[in-house]
Amino acid sequence: MSATDRPPAPARPEPVVLNDFRAQWERIRGRAQGALERVGSSGRLILGPEVAAFETALAARWGLSHAVGCGNGLDAIEIGLRALGLAPGETVLTTPLSAFATTLAILRAGGRPAFVDVDESGLVDLDACEEFLRRRPRTRFLVPVHLYGHALDLARLQGLRDRHGLRIVEDCAQAIDARGGDRGVGTVGQVAAVSFYPTKNLGALGDGGALLTADPPIAARARSLRDYGQSGRYRHEHLGLNSRLDELQAAILRDALLPLLDEFTAARRRVAARYRAGLDPAVVRPLPIPAGSEGVWHLFPVLVPGDRAAFRAHLELLGILTGEHYPVPIPDQAALSAAPGPCEVVGGLPRARAIAASEVSLPIHPFLGDAEVERVIDACNAWRGGPCTP
Ligand SMILES: *Cc1c(COP(=O)(O)O)cnc(C)c1O
């Protein structure tokens, strides 16, 4: 049979992807091209009016007085810790379940990470933090993470801060606009750090990040640290970084992406609501939403009993791509053996380990269509590999 005689292959549906940057480009093309033209023709490419205008817009939206654009979210956390006066070798309490960047930032700022377990939602367990801080009252630093786009209980976080005199950098990389109780994430810590990595809810067309604070001296130190530690031109007061948000990303973020963030968040929430209504909990169980959290659904994490790899392969055969956030608890990462000192790990971290072993992230992004969401639900509910459904 010659190639031309072959029966046509059955039409395969387009794969369901984790992020659709091409669809996003269709949505933002006009405004992004306008931003490129404006920056290019302005002749100002680094730390000019575009970064300043984006910082002002972001700070106003967040309700904090200062935003400082940085090269990425990792640097924003490091700069935040340094601006808060972290001393070399000082303990920083944090979570074992996050992007490795959270811990890497602590190490790069000269801190010594201490890990306590997470709660059933996968966010750092504030009771375990309280117990650690009672036992170790000299601890001054905490880096909590609003993981998956959910907010930690911010009233309890504030209680911890006040009882123990804590300096807090809230890692809001996954949780821009999330609310916990009656307030937004990033308003309890002295610093909030955010990332504009393309997959994040407010993603740039490349790397970017920012830290936010209500405290003018912290903002001033952060501005110096991101730009070689300069206090004035060629006057270096600190051993800083080169971590500047560039004019082009700032202009694109302000013109094209920030104005769509409400719409994108609403779309993510619709997908999450449909998943939560449609998924059969006997097959896959969505991780519980933390009490009081009005999340922004950066990810849609579920727990899969049984063989996770087989479940993901089953979905992939049906054209559905998935992720794992995160398969290895941070204290188990090989890179930590090169840390200047041993990290501290409180207990066996059973919840973090259970989530790391069985979590799967289903596709969720602002351009996911209803039919795609239904395909994901049907494919999940058809899975027969777990012990719940023999
Ligand atoms: C993405 C992310 C970071 C790091 O941000 P980058 O911009 O990639 O450096 C830090 N913490 C969390 C929780 C993240 O998801």
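The values are calculated or read from the model by the stated rules, or taken from the named source; none is laboratory data. Given the structure is predicted, the values throughout are model-derived calculations rather than measurements. Counting neighbours? That spans all protein chains shown, and the Cβs are built from the backbone with ideal geometry, glycine included. In case anyone asks, the SASA skips ligands and DNA or RNA and just uses the protein heavy atoms, side chains included. Shrake-Rupley method; radii C 1.70, N 1.55, O 1.52, S 1.80 Å.
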So, in region 100-148, how many residues would count as being within 23 Å of Ile79 (Cβ to Cβ) and small (Gly, Ala, Ser)? 6
Counting just the residues of region 130-146 that are open to solvent by less than 100 Å² (accessible area, probe 1.4 Å) and out of contact with any helix residue (DSSP H, G or I) (no Cβ under 9 Å at 6 or more places or on another chain), which one comes out nearest to the ligand (Cβ to nearest atom)? His146
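Rundown of residues vs (1) over 28 Å from Arg22 (Cα atoms); (2) basic (Lys, Arg); (3) touching a Lys or Arg at 6+ places or on another chain (Cβ under 7 Å), yes/no style:
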| position | (1), (2), (3) |
| --- | --- |
| Ile218 | yes, no, no |
| Asn242 | yes, no, no |
| Glu247 | no, no, yes |
| Thr265 | no, no, no |
| Arg270 | no, yes, no |
| Ala273 | no, no, no |
Is it true that Cys343 is surrounded by 14 or more Cβ atoms within 10 Å (Cβ to Cβ), modelled with pLDDT under 95 and in contact with a strand residue (DSSP E or B) (Cβ under 6 Å, 6 or more places away or on another chain)? yes
Which one is farthest from the ligand (Cβ to nearest atom) among residues in region 79-113 that are farther than 15 Å from Pro340 by Cβ and open to solvent by 10 Å² or more (accessible area, probe 1.4 Å)? Gly85
Among the residues of region 107-127, is any of a type in the set (Val, Ile, Thr) and under 22 Å from Gly240 (Cα atoms)? no
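With the requirement that a residue be open to solvent by less than 20 Å² (accessible area, probe 1.4 Å), part of a loop (DSSP other than H, G, I, E, B) and more than 8 Å from the ligand (Cβ to nearest atom), what does region 185-205 give you? Give the steps one after another, and end with the answer.
Of all residues in region 185-205, those open to solvent by less than 20 Å² (accessible area, probe 1.4 Å) come to 185-186, 188-189, 191-196, 201-204.
Next cut, part of a loop (DSSP other than H, G, I, E, B) only: 185-186, 188-189, 196, 201-204.
Hits for region 185-205 are Val185, Gly186, Val188, Gly189, Asn201, Leu202, Gly203, Ala204.
Quickly run through region 224-280 and pick out the residues that are on the phi > 0 side of the Ramachandran plot and open to solvent by 60 Å² or more (accessible area, probe 1.4 Å). Break it down stepwise before answering.
The first filter runs over region 224-280 and keeps only residues on the phi > 0 side of the Ramachandran plot, leaving 228-229, 234.
Passing the criteria: Tyr228, Tyr234.
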From the residues in region 55-71 that are open to solvent by 40 Å² or more (accessible area, probe 1.4 Å) and in contact (Cβ under 8 Å) with a residue 12 or more places away in the chain, which one is farthest from the ligand (Cβ to nearest atom)? Ser65
